[in-house]
Every structure is written in C-alpha cells, then in structure tokens.
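The values are calculated or read from the model by the stated rules, or taken from the named source; none is laboratory data. From a predicted model like this one, the values you see are computed outputs, not experimental measurements. Cβ sites come from the backbone with ideal geometry, for glycine too, and all protein chains shown count toward neighbours.
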Amino acid sequence: MKNPIPAFVMYVLICAALAALQAPERMDVSLDHLAPENYAYREAERCAGCKGDQNAFMARAAGVDLSHKPPALDSRGWLASVHARSQSHGERVNTSCAVCHAPLAEGATRDEDKARPIPKGTWQGVTCGACHPGSVEQSRRKSLVANYEPGTDPTNPDNYIFRDRTDGKSMNTQCRFCHHESHDLLIEEKAEMLAAGDLRCIDCHMSAYALTDGHVERFHNFRVEENLPHSCSGGLGRSMSCHDQTGAEWFSRNLERVKGPRKEW
C-alpha cells in the first residue's frame, strides 16, 4: 500500500488552495503613462487590475478607464485627486512627512529624527491602501474602510484602525487621521451636523454618482465644486438631502461662504 500524504503536506496544500480562492485574479495594468514625473503607482495598478465582477468598478475608483488601450484617465477617480500628487511639495518628500503624504512609503516613520529622503521615481502619494485594507486577507478584514499605520506590515490586520461605515463619526475620524484640521463650516447648522456625524466628509468630498450591480460608486477625486450637482445633493442611498432644491449653480457661487476658508494640511 502506498504511503498516505503526510499531514503537514496536506495542510500546506489546503492552505494554498484556500489562499487561491480568496485572492482575486488580476491582470497587468500599467499606469506609467498617466503618472506625473517621479511617481510610480504600483498599488493603484494592482487595484485597477482586479478581475472579476468588480473590475471596472475598482478601475473607475482608481481613476482608470480600461475601455482604452492603453488605459485612459477617468477624472472621477483617485488619479485625478490631490492625494495622487501629495508628495509634490518639496520638503514633504521624506519618510516622516510620508506618514500622511504617502503612508505606504517604505520606511515611513513618525519619528522626525529618523526621516530620510524618498527617492524620486518611487513616489506614490496617498494610495489606496492608506484607507482600504486591500493587502489583508478578505476573511480577516473587519471593514472595507480603515486607517493604516504607516511603517508597519500592510498584510497584518492588527496594523489598521477599522472604521464602521454605518457610523458617521467613525467615518469622519477616518479622514481626520491625517486631516487634523478641517475647514470651518460657516453655517452653524452644518458644523453641528459634521461634529455629530450626521454630515460626513464623504457626503461632499466623495459623493455617490451611480449604483452599478449593487455597488455604490463614489467620486475618489475628493473634489466638491467639480463634482456638482452630486456633491451638494446629499448622496446616493442617503436619506439626507442638502442642496438638491437650491441647485448646483447656487452652491458654486456660494461655496466659500458655505465651507469657510481652507486650512493647509
């Protein structure tokens, strides 16, 4: 009789099979032609190349239109955001500033004394993994939204602060992980709503624009005025309504009065 497969070998084979089932199939997507000088969007390429029923959905969030060869820019997505160019500010291109400006940069540290320059050609900005635990196994993710602790292992769920997407305060804390000082809303009612979590940062800065195969698609360019009328109409799937009766033209004229002066981050 043939020797049975050793238990350890069987365990390894089973683990490999389960990992293969969990890992989404990917295709190669290059964004080098869309990247500004000194940037390399490797993680965004990985997200945009996710195959399956989320393929186009993930690509649009990344800011990539896969219907073109090579892929073209989709201005609704991350590639069109300031987050994608957050290291283009001189002194901020080091491993200490990377804590907020490029959280997944190698060597990112909160210790300013250990700061070192980040080589040109490797800049990546505030990339997907800063807010989404995409490197964590799906079965170990507590939420699809989380703050990553820079300089740690991105595959370990213990290195994330997972956020409750049903809790407005939790979602606003997600943004304030880096944006320590948001702009001062000059309309007291809106300021109170923001503090209470009844108004979320994403309601204006990541407003929803479509519902596709059960997925709520949100702008990932984080813009407000450019995304009108969506950014002033409450948000797809939300019971609240902001300025849907007032209109985008009014909101555009009164934007500074509504949001107050912008603070540097």
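All conditions but one from (1) at pLDDT 90 or above; (2) more than 21 Å from LEU79 (Cα to Cα); (3) under 18 Å from the mean Cα position of the chain (by Cα) apply to GLY197; the one that does not is (3). Number of residues in the stretch 171-194 that are more than 28 Å from ALA102 (Cβ to Cβ) and loosely packed, with under 13 Cβ neighbours inside 10 Å equals 3. CYS97 satisfies every condition listed in (1) among the hydrophobic types (A, V, I, L, M, F, W, C); (2) within 16 Å of HIS33 (Cβ to Cβ); (3) more than 12 Å from the chain's Cα centre (by Cα) except (2). Within the stretch 79-98, the set of residues being exposed (fewer than 15 other Cβ atoms within 10 Å of the Cβ) and assigned to a helix (DSSP H, G or I) comprises VAL82, GLY90, GLU91. When ARG76, ARG60 are checked against the criterion of being in a loop (DSSP other than H, G, I, E, B), among the basic types (Lys, Arg), buried (at least 17 other Cβ atoms within 10 Å of the Cβ) and touching a residue at least 60 places away in the same chain (Cβ under 8 Å), ARG76 stands alone in meeting it.
Residue by residue, here is whether (1) modelled with pLDDT of 95 or more; (2) out of contact with any Asp or Glu (no Cβ under 7 Å at 6 or more places or on another chain) holds:
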site	(1), (2)
PRO70	no, yes
ASP74	yes, no
TRP78	yes, yes
ALA102	yes, yes
VAL126	yes, yes
CYS131	yes, yes
GLY134	no, yes
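Each residue in the stretch 136-152 was checked for being among the small types (Gly, Ala, Ser) and over 19 Å from ARG165 (Cα atoms), and 1 pass.
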